[in-house]
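Here is the structure we will look at, set down as C-alpha cells.
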Amino acid sequence: MTVKLEDGNLNRLGRITEIANLNPVCCDENDSLKEVVDKAISLNHRRLPVLSKGNRLVGIVTYMDILDSLLRGLPSETKISNIMTRDIVYSNDDETIGNVFQKLKFSRRGGLPIVHNQKIVGLVTERDFVKRFSGVVFKTRVKDIMTPKPLFIHSRKLSIMDAFKSLVNTRYRRLP
C-alpha cells in the first residue's frame, strides 16, 4: 500500500504555511547554552531556530547539538552560536507542501524553518505532517516499513555516556 499526502487531507500543491507553526519559538545567537536548554525543555521543543540581532535566521539548534556540547564538556555559559548548526536546510514561505515534504525526507531533518527574505516566518516539523494522518486506517504492516537492521546497543555492556555518544555520532534520535 502506498500512502499519499492526500490520505492525510493534505494538498501537495498547497503552501507549506497552511500546516506549519507560524509563531515559532526562537533563540538569539548570543543566548547561553543554559538559556536555550531551559527554553527547549520548558516548551518541549526539539529544535529552535537561531536568530541574529536583525532577526535573520543564522542557524538552528537541536537536542542533538545540545547533547553533543554537553558530552564535550562545554560550560553552560557557552554562546549558542558556538554549537548551532549553520548549514540550515529551510523552506521558503511560498513552497508547496509536497516539495517541503520531500526536503524533510531527503535532508533527514525533523523540521525546517520557513523563511521570507531571510527572516523566519514559521517552522514545519515531521509532527505537523504525522498528525494529519491520525484518523487514517493503514493496511501496511510495520515489518514492511521498519528499518530492518537498526543500530542497537546492549544495555548491559554500554554506559549511558557511550549510548549518548552513539546517538551523537550516528545522528540517530533513538537506539533500540
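The values are calculated or read from the model by the stated rules, or taken from the named source; none is laboratory data. The model shown is predicted, which means the values in this text are computed figures rather than measured ones. All Cβ positions, glycine included, derive from the backbone under ideal geometry; neighbour counts span all protein chains shown. Calculation scope for accessible area: heavy atoms of the full protein, side chains included, ligands and nucleic acids excluded. Shrake-Rupley method; radii C 1.70, N 1.55, O 1.52, S 1.80 Å.
In region 92-131, a dipole from Cβ-located charges (positive for Lys and Arg, negative for Asp and Glu) runs towards its positive end, and of Gly110, Asn92, Leu123 it is Gly110 whose Cα lies farthest in that direction. Simple point charges give the picture: +1 on the Cβ of Lys and Arg, -1 on the Cβ of Asp and Glu, and for region 36-156 a dipole about the Cα centre of about 400 debye.
Scanning the chain for chymotrypsin sites (Phe, Trp or Tyr not before Pro) that sit in a DSSP loop and have at most 11 other Cβ atoms within 10 Å, the longest stretch containing none of them is 1-137. Carbon-plus-sulfur accessible fraction, the chain (probe radius 1.4 Å, protein heavy atoms only): 52%. Solvent exposure of the chain amounts to 65 Å² per residue of accessible area, where only protein heavy atoms count and the probe is 1.4 Å. Exposed loop positions in the chain were taken to be trypsin sites (Lys or Arg not before Pro) whose DSSP state is not H, G, I, E or B and which have at most 13 other beta-carbon atoms within 10 angstrom. Between these positions, the longest stretch is 5-52.
When Cα extents along the principal axes in Å is calculated for this entry, the matching label among (1) 49, 48, 26; (2) 51, 32, 30; (3) 87, 35, 24 is (1).
Summing +1 for each Lys or Arg and -1 for each Asp or Glu, what net charge is found among the other residues whose Cβ lies under 13 Å from the Cβ of Val36? Can you show the working numbers first?
On the way: positive: Lys34, Lys39, Arg46, Arg47, Lys79; negative: Asp28, Glu29, Asp31, Glu35, Asp38, Asp65, Glu77.
Once all neighbours under 13 Å are counted, the net charge is -2.
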